[in-house]
Each structure stands twice: as structure tokens, then as C-alpha cells.
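The values are calculated or read from the model by the stated rules, or taken from the named source; none is laboratory data. What you see is a predicted model; the values in this text were computed from it and never measured. Using ideal geometry, Cβ is built from the backbone for each residue, glycine included, and neighbour counts are taken over all protein chains shown. For accessibility, only protein heavy atoms count, side chains too; no ligands or nucleic acids. Shrake-Rupley method; radii C 1.70, N 1.55, O 1.52, S 1.80 Å.
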Amino acid sequence: MNPSDLKNQAISGVIWNFFGKATSYVIEFIVGIILARLLSPREFGLIGTIVVFVALADIFINSGFSQALIRKKDCTQEDYSTVFFFNLLMGIFLFFVLFLSSGQISRFFNNSELKPLIQVLGIVLIISSLSLIQRAKLTREIDFRLQTKISVIASVMSGTIAVTMAYLGFGVWSLVVKTLANDGFNTILLWSWSKWKPDFTFSLKSFKELFSFGSKLLISGLIGTLLQNINYIIIAKYFTPQDLGYFTRAEMFKNLPSQNISAVVTTVGYPVLSTIQEDKSRMKDAFRKMFTNTFFLIVVLMAGMAATSRALIVTIVGEQWLPSVSMLQLLCILGVLIPINSMNVNVLNVVGRSDLYLKLQMIVQSLSIPNIFIGVFFGIKALILGMILIAVFGYIIFNFESNKILNYPIKEQIKDIYSSVLLAASMAFVVFLIDYLTVMKPLATLIIQVLTGLILVIAAGEILNLEEYGFFKKTFLEKIQNIRLKFV
């Protein structure tokens, strides 16, 4: 394959990768909304308690082998088969470990309901271990189109099953079956549509070679997953399943814009910056444009979500989720920081400093440990405030390193985005007052708030002639023009 074809294939892969992640997440969000109306916060809290243990076990199954296979220049059938059987054996082994320790885990959380849930949900470890090689092989071939097709079908089918079960009164088991069905459909479709099948071979030499690289990712993955999910464990241990349910719903709303924008930043920004990494001046200009435009979009969306949070939650998932409102308002601050942190991290990866990224990430994530005590003694809102401070610290240290590459320090970044902050804060204040000063049904309030916020942003953008607003306006008008031309 010549360089031009390879570049085109890479760009197509980037687009399909982002589209697949965004589409799957939107489907999960919609399914989550429907399930939130059919189930109680307590049932979401129960499932949220045990997913951490499944996630940790899943890291062991992978052991970094997927990344090792993707980066290896010449993978043989022997390599693939070796990793496949290791993954399968680890999946079976960890299923039994989780099955046998389910009693201890349920006693740790003082909740006997967890035991059967853990024992059944643990089956997902065996199911997921069967498809890691097919997914890694498709990624090596930059075939994200097929992966997208499979993930969307699996999300729709598993979501349909879960909603049906919840409607019929199966409660928390509808969430367990949803996870099992999603991984099950993914595995079945990957085996059906992927051309790869294992041979009955296992090479100790191949295992050692791949594990020498994968073991480092295993350790960092375990630590990262544990620290990223430690909040779930703390809330489940020291509070109630209902509290954890409220927290997970608030995160669901925050993640919809925040995670998707982060995906755009990392997926699209990486190849763009990589092509001009030798020209630091052009790289800084490109980064600055992405940074300011991304920040404008995310701060407006997050400020708007925080201001409309009460009407939004009551309208979409019902009054039983009202305690999630204050959590969502705080998490929206965190949602602003996640994409801009991703951008500074991206710079390190572009210039090949993934080792520095892992080191700094461990330092930042280690702050989750003292934050545990804050949550235990002062409550969930204090825990979220600690998460915000950790994200701010992460932004500072990641920018400190990216500044060495781009010469774009925090002071200059803040100068570039302060107008976006003022616009978003002013808009949010007015939108919040609508809910605070008026007495209307939640849906009517939400519609008026959204329209008011949109009008204020457009008016401010036009009057102040904001560069970031102009970028999105131009992009939007170009899309409308393209659509019109298709129908002419």
C-alpha cells in the first residue's frame, strides 16, 4: 500500500472510530434514559457497585496483549493463537475467582443482594475474552467501519432486551443481562464477520515477547482503572445504593457531551498534529485553534447543562432522580476540564512521550487516594469537589510539559478562553434564573431555558464578534449549504 492510500485509510479509520464511539454512546444514553424511568436509583447503584470488579478483571484478561499485537510489525498466526488461548484461560480463571469471592465482596458492602449478581455478571469475562483478538486484528487493519457496525447492532439489541426485561419487572437483572447481551452479540458478530480463527498452538516464545510489552500496560491499566473507579467503591461502601445510583445518572448526563468531545479531540487532533509535529510554530497555531474552539463548545454546553439540570433530569428521567441535580451541576465543571486535559495529553503522545504521559497520569490519579477520605468524612459532593481539584492539578502539570513543546503556557491559554468563560457564565446565570423565578412544568421550563440560552449565545457571538463563535457558525452554515445542494 502506497503512503497516499495508507493516509486515506488512516483518515477514514479515524472518522469511523469516532463515529462508532459517538453512536454507541448515544444509543447507550437513550437506553439509559428509558431504563432510568423503569428502574429505581437503588437498582442502578447495585450494578454500579460490582462493575468495578469486572473492569479490573477485564484488565487482567487483556494484559496489554491487544496493544502489543497492534504495535507489532509482523504478527503471525502463532502470535494470535497464543494470545487467544491465554485470554480465554484468564477469562475462565478470573470468572471462578470472582464467583468464589462474591460472598466476601457482598459482605464487604454489607449487601447480600450483590452475591448472585456478581456470580452471573462474571460470565461476561469469559465472553469478552473470546473476541479480543478479532478486535485487535481489525484495529491493526484500521477497519473501524466493521467494528462500528458490530458495536451499534450489539448496543441496539442488548438495549432492547434490557428495556423489555425492565418493563416486565425483572429489576436489576435487566441491567445484568444488558451487559451480558452486549458482549455476547459483539463476540458472536466478530466471530461471524471476522476472517480470523485460532489454531491449536501456543508459543512460549511469542508469549514472552508480547508480554514484555503488555505487562507494563497491565500494571498501568490496573492502577488507572482502580483509581478511576475508586469513587464507585467509596460511595457503595460508605453510602447507599441509591446514592451511587444518583451519582451514576449524573455522570451519564455529564459524559454525553464531555466524552464525545474528548473523543473528537483525541481521535481527530492526533493525526492532524502528527503531520506537522516538526514545525513547532504551525503545531502551536493548530493546537491553539483546536483548544479555543473546543473550549468554547464544551464550556457553553456544560454551563447550559448545569443551569438546566433540574428541568433536564425531571423531564428526561423523572422526579425520583432529583438528588442527581446538585451532583450534575458539580460534575459539569469536571466535564469542562476533561476535553482540555485530553488535548494537552495528546501533545505528549504526538511527539512520542507516552512514557511521560503514563508517569504524569499516575501522579494525578494517585491524588484520588486522599480524596477518598474527603468523600468518607464530608460526603459525595465533597468527593466531587476533590475530583475537580484533581482535574485542575492534572491540567496544570500536563500543560507544564506540553508548554515545553508548544510554548503555549497556561497564562496564554487562559487569556485566549476568558471571553468564552464570561459568555458561558453569563448565559448560565440568566438561564438558571428562569427556573428559579418561574413556576412552570419541567418540560416547558426546559424548552424556554434552552431557547433562551441559544439566543443569548448567538447574540453575544454576533455582537462581540467572537472568533470561536464565528468558526462554529461558518461550519454550521456550510453543512446546511451542502445539504441544500444535495436536494437541488
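Surrounded by 15 or more Cβ atoms within 10 Å (Cβ to Cβ) and closer than 23 Å to PRO241 by Cα: does that describe ALA136?
So ALA136 does not fit the description; no.
Give ILE92, ILE50 a once-over and let me know the one that is open to solvent by less than 40 Å² (accessible area, probe 1.4 Å) and either at pLDDT 90 or above or more than 26 Å from SER192 (Cβ to Cβ) (or both).
Answer to the selection: ILE50.
From the residues in segment 150-174 that are under 19 Å from the mean Cα position of the chain (by Cα) and open to solvent by 10 Å² or more (accessible area, probe 1.4 Å), which one is nearest to VAL31 (Cα to Cα)?
VAL156
All but one of (1) open to solvent by 80 Å² or more (accessible area, probe 1.4 Å); (2) under 20 Å from SER258 (Cβ atoms); (3) of a type in the set (Phe, Trp, Tyr) hold for TYR395; which doesn't?
(1)
How many residues does segment 373-385 hold that are assigned to a helix (DSSP H, G or I) and surrounded by fewer than 20 Cβ atoms within 10 Å (Cβ to Cβ)?
The first filter runs over segment 373-385 and keeps only residues assigned to a helix (DSSP H, G or I), leaving 373-378, 380-385.
Add one more test, that the residue is surrounded by fewer than 20 Cβ atoms within 10 Å (Cβ to Cβ), and what stays is 373-374, 376-378, 381-382, 385.
Number satisfying all stated conditions: 8.
So which of SER128, SER102 ends up being part of a helix (DSSP H, G or I), within 18 Å of VAL51 (Cβ to Cβ), open to solvent by less than 10 Å² (accessible area, probe 1.4 Å) and not aromatic (Phe, Trp, Tyr)? So that I can check it myself, show each step before the final result.
On the way: SER128 fails: open to solvent by less than 10 Å² (accessible area, probe 1.4 Å).
After applying the criteria, what remains is SER102.
Which numbered condition in (1) modelled with pLDDT of 90 or more; (2) under 22 Å from ILE233 (Cβ atoms); (3) not charged (D, E, K, R) is the only one that LEU38 fails?
Of everything listed in (1) modelled with pLDDT of 90 or more; (2) under 22 Å from ILE233 (Cβ atoms); (3) not charged (D, E, K, R), LEU38 misses just condition (2).
Quick check, is VAL439 in contact with a helix residue (DSSP H, G or I) (Cβ under 8 Å, 6 or more places away or on another chain) and among the β-branched types (Val, Ile, Thr)?
The answer is no for VAL439.
Being farther than 15 Å from LEU446 by Cα, touching an Asp or Glu at 6+ places or on another chain (Cβ under 9 Å) and part of a helix (DSSP H, G or I) is the filter here, so list the residues in segment 295-323 that pass it.
Result: PHE295, PHE296, LEU297.
Scan segment 285-302 for residues that are of a type in the set (A, V, I, L, M, F, W, C) and either open to solvent by less than 20 Å² (accessible area, probe 1.4 Å) or under 19 Å from PRO323 (Cα atoms) (or both) and jot them down.
Within segment 285-302, PHE287, PHE291, PHE295, PHE296, ILE298, VAL299, MET302 meet the criteria.
Given the conditions (1) open to solvent by 40 Å² or more (accessible area, probe 1.4 Å); (2) in a helix (DSSP H, G or I); (3) modelled with pLDDT of 75 or more, which single one is not true for ALA236?
(1)
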